[in-house]
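Colleague: One structure, pasted below without further comment.
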Amino acid sequence: MKILFLMSSVPDTTSKINFTDNDTKFDESGIQYVINPHDEFGLTKAVQIKEKNGAEITVLNVGTAKTESVIRKVLAIGADKAVRIDVDPTDSYFTAVQIADYIKKHNDFDLIIAGKESLDYNGGMVHGLVARMTGLKFINAVIGLELKADNTVEVAREIDGGKEVIQTSLPLIIGGQKGLVKEEELRIPNMRGIMMARKKPLEVIAPVEASIRTKIEKFEKPAPKGSIKLVDKDNLDELIDLLHNEAKVI
Amino acid sequence: MSILIYVESQNGKVAKSAKELASYARAYADKTGQDVVAVGAGLDDADELFKYGVNKVLKVNNESLKQFNAFAHAQMIADAAKTSEAKIVLISSSNDAVYLGPVLADLLEAGYVSHVISLPEEKDVFVVKRKVFSNKGIAYTEILTDKKLLRIAKNSFGLIENAVEGTIESFEPDVDLSVYEVYKVVNVEKATGKISLSDADIVVSAGRGMKGPENWGMIEELADVLGAATACSKPVADLGWRPHQEHVGQTGKQVAPNLYIAVGISGAIQHLAGVNGSKNMLVINNDPEAPFFKAADYGVVGDAFEVVPKLIEKLKAFKQQ
Ligand SMILES: Cc1cc2nc3c(=O)[nH]c(=O)nc-3n(C[C@H](O)[C@H](O)[C@H](O)COP(=O)(O)OP(=O)(O)OC[C@H]3O[C@@H](n4cnc5c(N)ncnc54)[C@H](O)[C@@H]3O)c2cc1C
Ligand SMILES: Nc1ncnc2c1ncn2[C@@H]1O[C@H](COP(=O)(O)O)[C@@H](O)[C@H]1O
């Protein structure tokens, strides 16, 4: 079985977000990059499938050289080889074209695992666009995946207020999230993995021509909150008054 | 020309999110001299949409389409866009809408923007504001394509009543229903009776400060009194004190209610990233240095075990007035 893991590399979740160049660029100074947290659940799922059923895992990232340390981490956790398409992924459509092109050229992946959303530009669309461009089946917000005999697969997806289980077949693209594997099952690199990762192949390929559909003009920080109104714990009537008359929420 | 909205329903009734889409569409339609058209399957109370400014509802009665399938519904919306000559299509940020978004964007060949929080700016290029970096930034994003698909962030525009005379037309979209066989739904589990976290106007959330699952009675009672949904921080879900569906934050659910109440939650950056779209935040914490106090609108410094029961009593009295 061949698994393709689509990895988005994003600023560490504790990062302070700033903008430069007249607020037209994201300020990368001091930013640590990590595997997109939603993608991590899918990566562990891929490794579990490999351990149980046998599989070859390729990690694919569209990104510049600065993502390579994160790609190495994915190799250390258990991917077998890596491919980086060497371009800055500024537009989701453009990024999806790159990934779809790679998939069409190889055309032998049984399962393509993505995350439901990158925690940088929060698009929630690259994997879905790839599915359409390649004609592959697609299920989003996946919180469970069980491979059955004869290529069928049972996939649980989160719906508002619950979950829905869908029966379908491979090949398939999923957008994973927390729940796909348990939090405590999440893999982190160990020493042996890190050593082995150094020898695993990381192929860098050039992007294909593609247009863009959206463009960021400028950034801004959200308006700072006004200062907090503290209410004494022995004067909760005042709190109720504020919530009722000022905030008008109760 | 028209603006098209995708209307989701709950038990056959127009979802609140659809009314927000209608409010948004109406405001933009008024500026640009367009009509607002809505499409949806089922919709027993489709005329509700007129209140929020929808001129025409394309009501789909096909039994299969009453069940959600991302591919079928994306085709349904794309066909409605064609019929109504819509250049701008709006969807909500529900799980279903998020799922069908990219499929629809591809069918429409539209530039697609998520987490939209403003009407398009009035200038010669089409620019909307959207939330990025998990609410830590706002990006003014230009859409370069002729057709545009916008996913509106929850509670970012609000419900604005603006009644118009509308019509309901039955609509038979051109949809390949075989996708219902390709993706066969074999089981659905949905909490009934409870207020769903994604729709709730008020959310009562609690963290590790509650010490253990046995202490959640007062959190549930507070939620009951307020007609609120309950939520929790990540460690609380990881510890198994509360179900995972309640985990809010950067890696959990994103919520944006009118009031978010955080009890015994420190206010870590990853937690705030999922909740700071809320209109108002109230924090109850015994540590005045807790970071949440920097992000909230209202705060009570005190022991939750003392403050929450008192607050419940006061609220009960207030509700009886
Ligand atoms: C990659 C990543 C992603 C993450 N994603 C999320 C996420 O999505 N959501 C999330 O919530 N967290 C997330 N976290 C975890 C986050 O960093 C914090 O660890 C977490 O939010 C803390 O939870 P807490 O506030 O419940 O617990 P604590 O930090 O332990 O805080 C407990 C609070 O309760 C207060 N308290 C104690 N006793 C009382 C009392 N008697 N009365 C009143 N107050 C009391 C304390 O003063 C304290 O402020 C993530 C972390 C990482 C690394
Ligand atoms: N640059 C990228 N390289 C590889 N995969 C990506 C990239 N960007 C997004 N993805 C995948 O698509 C998912 C959704 O991303 P997005 O549309 O950016 O929110 C992510 O969770 C990744 O799995």
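The values are calculated or read from the model by the stated rules, or taken from the named source; none is laboratory data. Note that the coordinates shown come from a computational prediction; the quantities given were computed from them, not determined experimentally. Every residue, glycine as well, gets a Cβ built from its backbone with ideal geometry; the counts of neighbours run over all protein chains shown. Just the protein is used for accessible areas: all its heavy atoms, side chains included, with ligands, DNA and RNA removed. Shrake-Rupley method; radii C 1.70, N 1.55, O 1.52, S 1.80 Å.
Colleague: How many residues are open to solvent by 50 Å² or more (accessible area, probe 1.4 Å) and either in a helix (DSSP H, G or I) or farther than 20 Å from B:GLY240 by Cα (or both) when one looks only at the stretch A:157-182? Step through it out loud before you land on a result.
Modeller: Let us first name the residues in the stretch A:157-182 that are open to solvent by 50 Å² or more (accessible area, probe 1.4 Å), namely A:163, A:167, A:171, A:182.
When the remaining residues are screened for being either in a helix (DSSP H, G or I) or farther than 20 Å from B:GLY240 by Cα (or both), the result is A:167, A:171.
Here the count works out to 2.
Colleague: Which members of the stretch A:44-60 meet the condition of being touching a Lys or Arg at 6+ places or on another chain (Cβ under 7 Å) and either within 14 Å of chain B (Cβ to nearest Cβ) or β-branched (Val, Ile, Thr) (or both)?
Modeller: A:THR44, A:VAL47, A:ILE57, A:THR58
Colleague: Can you tell me which residue is farthest from ligand 1 (Cβ to nearest atom) among those in the stretch B:250-276 that are in a loop (DSSP other than H, G, I, E, B) and more than 24 Å from A:VAL142 (Cα to Cα)? Before the answer, list the steps.
Modeller: Initially, the stretch B:250-276 is screened for residues in a loop (DSSP other than H, G, I, E, B), giving B:250-252, B:254-258, B:264-268, B:276.
Those left that are additionally more than 24 Å from A:VAL142 (Cα to Cα): B:257-258, B:264-268, B:276.
Details: B:PRO257: 16, B:ASN258: 20, B:GLY264: 4, B:ILE265: 4, B:SER266: 3, B:GLY267: 7, B:ALA268: 4, B:ASN276: 12 Å.
If we take residues in the stretch B:250-276 being in a loop (DSSP other than H, G, I, E, B) and more than 24 Å from A:VAL142 (Cα to Cα), then B:ASN258 is farthest from ligand 1 (Cβ to nearest atom).
Colleague: Any residue in the stretch B:15-35 that is closer than 14 Å to B:GLU161 by Cβ sitting within a Cβ distance under 6 Å of a residue that is surrounded by fewer than 21 Cβ atoms within 10 Å (Cβ to Cβ) and of a type in the set (Val, Ile, Thr)? List the pairs, counting only those 6 or more apart or interchain.
Modeller: Filtered contacts from the stretch B:15-35: B:SER23/B:ILE160.
Colleague: Is it the case that some residue within the stretch B:40-51 is in contact with a Phe, Trp or Tyr (Cβ under 8 Å, 6 or more places away or on another chain) and open to solvent by less than 40 Å² (accessible area, probe 1.4 Å)?
Modeller: Looking only at the stretch B:40-51, we keep the residues that are in contact with a Phe, Trp or Tyr (Cβ under 8 Å, 6 or more places away or on another chain), and these are B:40.
Next, from what is left, pick out any that are open to solvent by less than 40 Å² (accessible area, probe 1.4 Å): B:40.
Looking through the stretch B:40-51, at least one residue is in contact with a Phe, Trp or Tyr (Cβ under 8 Å, 6 or more places away or on another chain) and open to solvent by less than 40 Å² (accessible area, probe 1.4 Å).
Colleague: So which of B:LYS129, B:LYS184 ends up being out of contact with any helix residue (DSSP H, G or I) (no Cβ under 8 Å at 6 or more places or on another chain), within 7 Å of chain A (Cβ to nearest Cβ) and more than 16 Å from B:ILE5 (Cα to Cα)? Working first, answer last.
Modeller: Numbers: B:LYS129 fails: within 7 Å of chain A (Cβ to nearest Cβ).
From the options B:LYS129, B:LYS184, the qualifying one is B:LYS184.
Matching residues to (1) part of a helix (DSSP H, G or I); (2) farther than 18 Å from A:VAL181 by Cβ:
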{"residue": "A:ILE103", "(1), (2)": "yes, yes"}
{"residue": "A:ALA114", "(1), (2)": "no, no"}
{"residue": "A:ASP120", "(1), (2)": "no, yes"}
{"residue": "A:GLY128", "(1), (2)": "yes, yes"}
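Colleague: Among the listed residues B:ASN95, B:ASN69, B:ASN135, which satisfies the condition of being open to solvent by less than 30 Å² (accessible area, probe 1.4 Å), within 27 Å of A:ASP23 (Cβ to Cβ) and touching a residue at least 40 places away in the same chain (Cβ under 8 Å)? Lay out the reasoning, then the answer.
Modeller: Numbers: B:ASN95 fails: within 27 Å of A:ASP23 (Cβ to Cβ); B:ASN69 fails: within 27 Å of A:ASP23 (Cβ to Cβ).
From the options B:ASN95, B:ASN69, B:ASN135, the qualifying one is B:ASN135.
Colleague: If you take the residues of the stretch B:235-246 that are crowded, with 18+ Cβ neighbours inside 10 Å and within 23 Å of the chain's Cα centre (by Cα), which of them is farthest from ligand 1 (Cβ to nearest atom)?
Modeller: If we filter the stretch B:235-246 for residues that are crowded, with 18+ Cβ neighbours inside 10 Å, which is where we start, we get B:236-237, B:241-242, B:244-246.
Next, from what is left, pick out any that are within 23 Å of the chain's Cα centre (by Cα): B:237, B:242, B:244-246.
On the way: B:ALA237: 8, B:ARG242: 11, B:HIS244: 11, B:GLN245: 13, B:GLU246: 10 Å.
Looking at the filtered set, the residue picked out is B:GLN245.
Colleague: Which residues, taken from the stretch A:56-74, are touching a strand residue (DSSP E or B) at 6+ places or on another chain (Cβ under 6 Å) and more than 12 Å from ligand 2 (Cβ to nearest atom)?
Modeller: A:GLU56, A:ILE57 - these are the residues of the stretch A:56-74 that are touching a strand residue (DSSP E or B) at 6+ places or on another chain (Cβ under 6 Å) and more than 12 Å from ligand 2 (Cβ to nearest atom).
Results for (1) closer than 24 Å to B:ASN280 by Cα; (2) over 17 Å from the mean Cα position of the chain (by Cα), shown as yes or no for each residue.
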| residue | (1), (2) |
| --- | --- |
| B:LYS154 | yes, no |
| B:LEU159 | yes, no |
| B:VAL185 | no, yes |
| B:GLU214 | no, yes |
| B:MET218 | yes, yes |
| B:SER233 | yes, yes |
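Colleague: Could you list, in sequence order, all residues of the stretch B:134-156 that are at pLDDT 95 or above and either within 23 Å of B:GLY53 (Cβ to Cβ) or in contact with a helix residue (DSSP H, G or I) (Cβ under 9 Å, 6 or more places away or on another chain) (or both)? Working first, answer last.
Modeller: In the first step, residues of the stretch B:134-156 are kept if they are at pLDDT 95 or above; the result is B:137-153.
Result: B:ILE143, B:THR145, B:LYS147, B:LYS148, B:LEU149, B:LEU150, B:ARG151, B:ILE152, B:ALA153.
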